[in-house]
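Okay, so here's the structure we're looking at.
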């Protein structure tokens, strides 16, 4: 990794931390705009960079929110966010809209569905929290997609 890409990744992680302060109202206290930089990185830079930024972004949100779902569950969410960003970026290389849909589906549906098998969460949690999580995933991805269309950012990230 060259210095420019390393600095760009660090700036995007810092922006993820800023995104943690922009909460999305829901029954899940950790929904925020922390995923925008991760999804943006996945779509515009590389799937690996996106995964790294998305993982750190959720760590920041979980810490700021007081780890409301417990450490093991947030660790699972970090891995899920990394997978969502990575696969979104990979698919986006073929078709950016399909990549966005994949990211939303994994982050908003597949990841929350894994909570069904976690004791204390189950189907009621999935049904109650699912819509908020899908909306949060879509909002994060929509902003990230919009940022990929900003010419000045495209020139800036040419690493």
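The values are calculated or read from the model by the stated rules, or taken from the named source; none is laboratory data. These numbers were taken from a predicted model, which means no experiment stands behind them. Reconstructed Cβ throughout: ideal geometry from the backbone, glycine too, with neighbour counts over all protein chains shown.
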ask   = Given 14, 62, which one is within 26 Å of residue 120 (Cα to Cα), in a helix (DSSP H, G or I) and without any contact (Cβ under 8 Å) to a residue 40 or more places away in the chain?
value = 62
ask   = How many residues are part of a helix (DSSP H, G or I) and without any contact (Cβ under 8 Å) to a residue 24 or more places away in the chain when one looks only at the stretch 74-96?
value = 3
key: Residue list for the stretch 39-50, restricted to those being outside any loop (DSSP other than H, G, I, E, B), without any contact (Cβ under 8 Å) to a residue 60 or more places away in the chain and closer than 18 Å to residue 7 by Cβ   = 41, 48, 49, 50
message = If I ask for residues that are more than 16 Å from the chain's Cα centre (by Cα) and surrounded by fewer than 12 Cβ atoms within 10 Å (Cβ to Cβ), which ones from the stretch 124-149 would you list?
response = 124, 127, 149
Scan of the stretch 51-76 for residues that are at pLDDT below 95 and buried (at least 23 other Cβ atoms within 10 Å of the Cβ), ordered by number = 57, 58, 61, 62
message = Anything in the stretch 8-50 that is buried (at least 24 other Cβ atoms within 10 Å of the Cβ), under 20 Å from residue 99 (Cβ atoms) and within 11 Å of the chain's Cα centre (by Cα)? List them, or say none.
response = 16, 34, 35, 36, 37, 38, 39, 40, 41, 42, 50
message = Cβ-Cβ distance below 7 Å, separation of 6 or more or different chains: which pairs start in the stretch 134-159 with a residue that is within 26 Å of residue 105 (Cβ to Cβ) and end on one that is modelled with pLDDT under 90?
response = 136/26; 136/31; 147/153
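Here is a yes/no grid of residues against (1) surrounded by fewer than 17 Cβ atoms within 10 Å (Cβ to Cβ); (2) farther than 13 Å from residue 47 by Cβ; (3) in contact with a strand residue (DSSP E or B) (Cβ under 6 Å, 6 or more places away or on another chain):
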residue	(1), (2), (3)
83	no, no, no
87	no, no, no
95	yes, yes, no
100	no, yes, no
111	no, yes, no
115	no, yes, no
